[in-house]
Structure formats: C-alpha cells, structure tokens
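See structure below.
The values are calculated or read from the model by the stated rules, or taken from the named source; none is laboratory data. Keep in mind that this is a model prediction, so the values were computed, not measured. For neighbour counting, all protein chains shown are included, and Cβ atoms are generated from backbone atoms with ideal geometry for every residue, glycine included.
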Amino acid sequence: MAHRVSIIGAGGWGTALGLTLHRLGHTVRIWAYEPEVVESIRACHENRLFLPAVVLPRDLVATNDLAEALEGAEIVVSAMPSHVCRPLYVQMLAHLQPELVFVSATKGLEIETQMRMSEVIRSVVGRRFPPRLAVLSGPSFAREVARGDPTAVVVASEDGPTTTLIQKEFSSRTLRLYTSTDPIGVEMGAAVKNVIAIAAGVVEGLGLGHNPAAALITRGLVEMTRLACACGARRETLTGLAGLGDLVLTCTGDLSRNRYVGIELGKGRKLPEILSSMRMVAEGVKTTEATVALASRHNIEMPITRQVWRILAGETSPREAIRELMERSLKEE
C-alpha cells in the first residue's frame, strides 16, 4: 500500500531513503534546510551538495517549507542532524497529527540532555499527543542504499504494529528490514559507533596496522554494550546489525565521515580545519561529548571514548592517547 512520506532532512541519508521509498511507490516529499539543495533537486533532479551523481525522480518533491513538506503526510522520517532534532520538531509541532507514524533515522545523542533521538521526539510531540514512533538503524552508507546495493537494517519500537508497518512498507528487493523490540539498544549502537569510528580513523591516520584496528573495534563494542545495557538495552541487540554491523561498517568503510575525521586527526590536522572542509555532519564529533557525560552519569568505564573526547578537545595528541590506552592497568577480558 502506497503512503505519503515526509523526509525531514535532505542530507545523503535522507535523500537516499526518499529515493528508496519513491521506488517502492510511495509519494515522497523531502524537506531541506539549504535552499540550494531544493533548487538542485527541482531543477537538476540531483542533490548535488550531499548526494551528487545520483539521479532523482522528477516527481520527488523538495521544499524548504515544513508545512508544505508535512501536508497530508502519513509517515514522517527524521533524517536531520541530531543537534537540530529538537528545534525542528518544535517548529513542526503545529503541523503534526496524532495518526502520523514517526521513524527516527538520525544517529546521535542530544548533547545537553544526553537523550536519544526518540526521547527528544517524544518530549516535543508528547506535548500534543503520544507519538507512534520507531527507530531505524544499521550498516547503511547512503550512497550504496541509493545505488541499490543490498542492505540490511533494523526497525525497532516497543509498539509491534508500528514496526510491522514500517518493515512492510520500507522493505524492498535491495533494502531488508528486520524488526526489534529494543529501540534503546538500536539507538545507542547507532550513536556510540560513530565515536569508536573516530578512534578507528585515528589508528589509520597514524599509519598503524590491522592489529590495533581489530583490537579497537572489539573493545569499542564492549564499551557500546556496557553503556547501552546500563541505559536499558538488551545485550544481544549490540551484537546485531545496529550494533556490531554498523560498528564494523563505520570503522572500516571509506565512505565513513567519522572515520575520515579520525584519519585526519591522526595525520595531525586540527579539528576546526577538518570540519570546515566537510559538507556533511560527522555525528560522532558532537556525540562524543554526550556519550562521556552519559557514561559518567551511569558510572560506566569507557576508556576509548574518553580518549576520543580528549583528542577532540585538544587535551591530548592521537599518539599519546594510544599510549595511554595501552598502558592502562592489566585486567581480565
């Protein structure tokens, strides 16, 4: 059954999701913050800023007007950067209806509150009505999804009918959705893997080999799992697509923005210079601060994450951070 879908956020991921859903026969509108993105999609049928060289359908609508984007929508997909999720939903609130289904596809934590994106959405939309809400995550580079490469992700909600609906309506021959009843685990894996990916990039940028990369990914998974479980997640979720799967992709794939930030830090470039050269957001940069604060709140030890935070804050060098990790007190795995 075709649905009217609004994608809020026209970065690479939002555009790829919009293209995929259009291919399935849904009517799709994409909201973009940047006027040049709307103009590019309308005039050239291409998102030249965030997903260049991917041809978009002529009837895929792009707009800068939230009211226009949400008019008549049945499903709303959040694909905006995490730090603008709250203000955007505040702006959207007057245009939202109780029958809507919300899908959060943003991977990050709110810095000030350390809330997951679904918590942010509930805190805003809940002022008017309890939202039907699911979260979507997994190993999924936008360009590969847009290209139609086989991809498997997870849709999670505590509401069974909502996950069933999104699984049915979003799955295609190239995008396979698994369901989960653990949105906490799915969202925590989605957020923290970006932090570990920065660390993996640092290893690459320093010119180190496969041994430290494998150790870092493995111990990074331990950190992700510790924190997620402390927040109420199930351990097995972190061994699945939204945990280990996304972690491996983001730590090793050349399309990973967070890994790129780490590589450049390892090469000696300064963070402001790196970020100013990037068009798209590397969520791990902002999420690191929120993750450290959340770990402190739950009294969870996360040595890799803490060293990434110190590197980003300019408190230590990448090489010194590696040395400190290796010289920590010896213990049982």
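So here's what we get for this one:
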read-out	value
The range 6-53: number of residues that are under 21 Å from Glu144 (Cα atoms), in contact with a Leu (Cβ under 7 Å, 6 or more places away or on another chain) and touching a residue at least 40 places away in the same chain (Cβ under 8 Å)	8
Complete set of residues in the range 206-231 that are surrounded by 15 or more Cβ atoms within 10 Å (Cβ to Cβ), without any contact (Cβ under 8 Å) to a residue 60 or more places away in the chain and more than 18 Å from Met302 (Cβ to Cβ)	Ala213
Residue within the range 72-83 that is under 15 Å from the mean Cα position of the chain (by Cα) and surrounded by fewer than 22 Cβ atoms within 10 Å (Cβ to Cβ) present	yes
Subset of the range 307-333 (residues that are touching a residue at least 24 places away in the same chain (Cβ under 8 Å) and over 29 Å from the mean Cα position of the chain (by Cα))	Arg328
Enumeration of residues in the range 56-84 that are touching a residue at least 40 places away in the same chain (Cβ under 8 Å), hydroxyl-bearing (Ser, Thr, Tyr) and in a strand (DSSP E or B)	Ser78
Residues of the range 265-285 that turn out to be buried (at least 21 other Cβ atoms within 10 Å of the Cβ), of a type outside the set (Val, Ile, Thr) and either farther than 26 Å from Asn47 by Cβ or out of contact with any Phe, Trp or Tyr (no Cβ under 8 Å at 6 or more places or on another chain) (or both), as a count	4
Test for Gly268: is it at positive phi and either modelled with pLDDT under 95 or not aliphatic (A, V, I, L, M) (or both)	yes
Residues being free of Cβ contacts under 8 Å to residues at least 24 places away in the same chain and hydrophobic (A, V, I, L, M, F, W, C) - total across the range 85-117	2
